[in-house]
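This report refers to the structure that appears directly beneath it.
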Ligand code: NAP
């Protein structure tokens, strides 16, 4: 036998890592753990315990407390107490603590990695080389933001006590993504790890205490989903940061609705992995391995939908099957292992159920003939081909080592198939044609797009979803805003308390207004009646009659009729959404126009509004009864605001992120899409302009619901828009009952985001109903805002809400 033959036939020998350090740590604690509150282990007198097992061996690892209300209250109280001083601790001091935590993580690197693999089942190669290094990296990176906060983020303050709930697939990494930015910016934390993987969070708590972090800044409570609910609904928690399934995300959105708590949701995915005919096929094969068999496929952004160009599909799948036959499944602590154990029997059963469903749906199943360990929760790498794009197995998140494969012919078809999902977390595009790859990347609806690469993460680049993959970002400058509030803003504590089931609420119930005589005309037989001018709806650039032909009277300060407007209904809203979509998709759509063009149009609107300022001021005075000078000031401020967003139209595009990638990572501030915006009654013109302008400046198309009480300044604006080159459908205006109209918008599947500045009750319903398709919302909780002030009425808060960040990763080099 030649050396080459020996080399080619040689089996890998095992290269096991010793579990002794983790076992010693577990033994030191008697394999029984309390809760980590105020830097101390707290063991309730009569607690229930949960047992953790190693999924690869079935061996019992330890027991942890099932926290109840009393314990959750104690953890929140500790965090609240610590917030008083931590939020006032200078950033440069907080930076030292984060730095110390990062260094301490590095010192305990091996122990953290081994325990993580034992508790979760992931290969040590991954916990040692990816999870723990990234854990440290997040604390180093955010130590930097703590250092810079007072100069770079001086218009912001910390949010308060943050409840953080994380899943089991990356227990340490998810914890880092949440805790590092929170404490860097002066917040304090109550963290609940997932039940299956509680142990590394407890070890991390010790690592933190050892680094000298003041008591109460980080508290870790173990418990079931019930403890999660207690954290979410706790009145003294100011924000919930959640990572987990979309179904639980929906529950949390409903539970926090209208409470004034901030919420960020990092949810599930079904990410496409798109391979074009000119891709480096061997590179792409390794990409697939990394995309779907990394962490046993239990990855939110796993490339679980393979889309291959039809003419190379057979060759590619053949190569892939060959490669699958070389994957090694087994003991996670063996450093030569590619695929470890599934976290729990329940997950194993779910994966198996989906594979059987795929076969029932007509899929062609391939599992390589490789050896699996005799015991432990192992599942073979699995490929299912020839499924219909609408098959459940293609649409639903399986969260296991299961890849489904489809084919496409043209780039347009690839984009359509890739976007044919309710999720939007990540995507991977493989082509040696950089023009094609970047064009496709820009058209995919996903928060992260990796070109000729996959599963790249770094603290300097935000991670998070579009659509039902959630909202908010973790990492990068964009992720900081999840843990900040504008310096002027108190924590909103809205007065409205929902009673009973929202489905039974009368919110948005609607009775059309009764018609009144136009313009206060009283027939006396002598005068000619004034020409009736009832402003219509403004939809698709045309003035159209309300669908129901109803009108409503607009009353002045003394109850006199100062005008009429159309009383919009569901049909008007649907037409307006359709027009907004058409404007979005037109060629070139509003979002595709360059910033300079959008800024020119905003300047033009300002110019034309300014030219008619007297008329607008008189209209405002007639409706609201304010003095002419204050009405004039409102018009002047509205013109000014249009100038502000004309300025921002070409200055908020994004940035090149300084990640650890050799190449470029571009964070693009993309428009959200079609937005529904309900305006408040105060400052009827200025608030309307302050909400419309940032949305359209950043490439969104909008359906505006003007002030219900004072809509005439918005309807007068049609003529300004008409003469300012605003393309049809970019701004649509539907007048009428605000809550009735917003209800249709929030329920509309084709509306991507809703802003609502009506009552506290309305805010509750808007947030609650948004859970149906995880629409992004921004509400005012019924609180007054000083729209005249530049601090409260314009700027980054508005731009942030009008955009979503997509990070495109492009490696360079050979
Ligand atoms: P999960 O069932 O949603 O649970 C996530 C966390 O929420 C766990 O700590 C869980 O506690 C807790 N929880 C469950 N029900 C709750 C409730 N009603 N109220 C409050 N807390 C509740 O998700 P998972 O199975 O652990 O994780 C898998 C999911 O996470 C996948 O969908 C995956 O895509 C997603 N994920 C997303 C990202 C991202 O960044 N977008 C990253 C990783 C994972 P118990 O464990 O005690 O039940």
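Since every read-out is calculated from the coordinates, none of them should be taken as a lab result. Small disclaimer: the values here were computed from a predicted structure and weren't measured. Here the Cβ positions follow ideal geometry from the backbone for every residue, glycine too, while neighbour counts run over all protein chains shown.
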Review point. Roughly what % antiparallel, to the nearest 5, for the DSSP beta bridges in the range 372-499?
Key: 10 percent
Check your understanding: In whole Å, how far is the Cα centre of the range 553-593 from that of the range 265-336?
Key -> 46 Å
Practice item. Rounded, prolate or oblate: pick one for the range 670-754, where a ≥ b ≥ c are the square roots of the eigenvalues of its C-alpha gyration tensor, a/c under 1.5 means rounded, and failing that, prolate if a/b is larger than b/c, else oblate. Key: oblate
Exercise for review: Can you figure out the FRET efficiency of residue 791 with residue 60, using R₀ = 41 Å and their beta-carbon distance, to the nearest 0.05?
Suggested key: 0.10
Check your understanding: Shape call for the chain from the C-alpha gyration tensor, a ≥ b ≥ c root eigenvalues: rounded (a/c under 1.5), prolate (a/b greater than b/c) or oblate?
Key -> prolate
Review point. Roughly how tilted is helix 246-256, in degrees to the nearest 10 and between 0 and 90, from the longest Cα axis of the chain?
Key: 50 degrees
Review point. In whole Å, what is the distance between the alpha-carbon centres of the range 1-46 and the range 413-442?
Key: 39 Å
Revision key, fill the gap. The relative contact order of the range 659-744, taking Cα pairs under 8 Å that sit 6 or more residues apart, comes to a percentage of 31 percent
Exercise for review: Compute the FRET efficiency between residue 89 and residue 24 as 1/(1 + (r/R0)^6), taking r as their Cβ-Cβ distance and R0 = 30 Å, and round to the nearest 0.05.
Suggested key: 0.30
Point to revise | the chain - percent relative contact order, Cα under 8 Å, separation 6 or more | key: 12 percent
Review point. Which angle between 0 and 90 degrees, to the nearest 10, do you get for helix 109-120 versus the longest principal axis of the chain when only C-alpha atoms count?
Key: 80 degrees
Review point. Taking square-rooted eigenvalues a ≥ b ≥ c of the alpha carbon gyration tensor, is the range 122-241 rounded, prolate or oblate, where a/c under 1.5 means rounded and, failing that, a/b exceeding b/c means prolate?
Key: oblate
Check your understanding: So in the range 654-773, what percent of DSSP beta bridges are antiparallel if you round to the nearest 5?
Key -> 25 percent
Practice item. Calculate how many DSSP beta bridges within the chain are antiparallel, expressed in % of all such bridges and rounded to the nearest 5. Key: 40 percent
Study note, to complete from the structure: With -39,500 (n - 2.57) per DSSP H segment of 4 or more residues and division by the full residue count of the chain, the 222 nm estimate, nearest 500 deg cm²/dmol, is -12500 deg cm²/dmol
Review point. How do 371-381, 101-111 rank on mean C-beta neighbours within 10 Å, highest first?
Key: 101-111, 371-381
Point to revise | Inter-label distance, nm, simple model (7 Å from Cα along the C-beta direction), residue 496/residue 600 | key: 4.3 nm
Practice item. Report the FRET efficiency, 1/(1 + (r/R0)^6), for residue 545 and residue 509, where r is their Cβ-Cβ distance and R0 is 22 Å, rounded to 0.05. Key: 0.40
Practice item. Would you mind putting 146-153, 291-298 in packing order, based on average other-beta-carbon counts within 10 Å, highest first? Key: 291-298, 146-153
Point to revise | Angle in degrees between helix 760-770 and the longest Cα principal axis of the chain, rounded to the nearest 10 | key: 50 degrees
Point to revise | Segment residue 618-residue 319, length gained on full extension (0.36 nm per residue, minus Cα span) | key: 100.3 nm
Exercise for review: Pairs of Cα atoms under 8 Å, at least six residues apart: use those to get the relative contact order of the range 143-262, whole percent.
Suggested key: 30 percent
**Study point:** Between the range 747-798 and the range 179-224, the Cα center-to-center distance that results, in Å
**Key:** 32 Å
